[in-house]
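In what follows, a structure is listed as structure tokens, so that the remarks can point back to it.
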Amino acid sequence: ERSRKWKPSKDEPFNPDPVIAITSDGRFAALDPRFFGGELDDGETTKLNRMADEIAAEYKASAGNTYVDKEAGKPMPTKGGTQVVFYNLGFGAQSQKNRGFSARNALTTRLTAAGVKREHIAWFDDADTDAKKESVFKAMRQGQVRILIGSAKKMGTGVNVQNRLTALHY
């Protein structure tokens, strides 16, 4: 009822519509209850943890893959397939600030605990210049970085890293 009666005003710079707030909270809760200060019981899983487990499984399954350097026509020295992970919600600094939970830290911790080398994980948000972005793309193409994680908005176009790609996660 409050949502039906609510009308935006200049005094409310952010949308306080109750239905929007409920929907947003539901999207966060669907990812992980820790966005609301919750704790996980032993063995309890979340979408975030399931995603981490699937990424880690693919990382291990593609570890022995070899790839050919198209220019040299020879096998590349670094083995291993790559993965791209897209997200729309929950991994940005604002989500952590507002919700008190870092999905980025939780995902990185779960991946490394499952055997993924930390240096094989890159967060696209860290590449804040064109030169850094190209460096990440090059590292992915060469297999030095095997998991690239970023928002669909930022990585939706212009990411040329598919030559070793074994999986996309959204």
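For the reader, a short list of remarks on this structure follows.
- In this structure, the pairs whose alpha-carbon distance is over 32 Å, taken from Lys7/Lys132; Lys47/Lys74; Lys7/Lys153, are Lys7/Lys132; Lys47/Lys74.
- Of the residues Gln96, Gly38, Phe86, the one whose Cα sits farthest toward the positive end of the charge dipole of the range 10-103, with +1 on the Cβ of Lys and Arg and -1 on the Cβ of Asp and Glu, is Phe86.
- Taking every DSSP beta bridge that has both ends in the chain, the antiparallel portion is near 15%.
- Ordering of 114-122, 36-44, 50-58 by packing [mean C-beta count within 10 Å, highest first]: 50-58, 114-122, 36-44
- For the chain, the per residue solvent-accessible surface stands at 62 Å², with DNA, RNA and ligands left out and a 1.4 Å probe.
- Candidate lysines - alpha carbon under 18 Å from Lys79, same-chain residues fewer than 8 apart omitted: Lys60, Lys70, Lys117, Lys138
- The Cα atoms of the range 51-144 give a gyration tensor whose axes a ≥ b ≥ c have a/c of 1.5 or more with a/b no greater than b/c, which makes the shape oblate.
- For the range 1-91: rounded, prolate or oblate by the Cα gyration tensor [a/c cutoff 1.5]: oblate
- Surface composition of the chain: carbon and sulfur make up 51 percent of the accessible area, probe 1.4 Å.
- Degrees between helix 18-31 axis and first principal axis of the chain (Cα, 0 to 90, nearest 10): 30
- Set of aspartates and glutamates with alpha-carbon distance to Lys133 below 13 Å, sequence-local pairs under 8 removed: Asp125
- Relative contact order (%) - the chain, alpha-carbon pairs under 8 angstrom, separation at least six: 24
- Taken about its Cα centre, the chain carries a charge dipole of roughly 400 debye when the Cβ of each Lys and Arg holds +1 and the Cβ of each Asp and Glu holds -1.
- For Ser135, solvent-accessible area (1.4 Å; no DNA, RNA or ligand), Å²: 70
- Rounded, prolate or oblate (a/c below 1.5 giving rounded, otherwise prolate when a/b exceeds b/c) for the chain by Cα gyration tensor: prolate
- Summary of the geometry: the range 121-155 and the range 38-105, compared by the centres of their Cα atoms, lie 12 Å apart.
The values are calculated or read from the model by the stated rules, or taken from the named source; none is laboratory data. Bear in mind the structure is a predicted one, so any value in this text is a computation, not a measurement. Methodologically, a virtual Cβ is constructed for each residue, glycine included, from the backbone with ideal geometry; neighbour enumeration extends over all protein chains shown. Quick note on the areas: whole protein, heavy atoms, side chains included, nothing else; ligands and nucleic acids left out. Shrake-Rupley method; radii C 1.70, N 1.55, O 1.52, S 1.80 Å.
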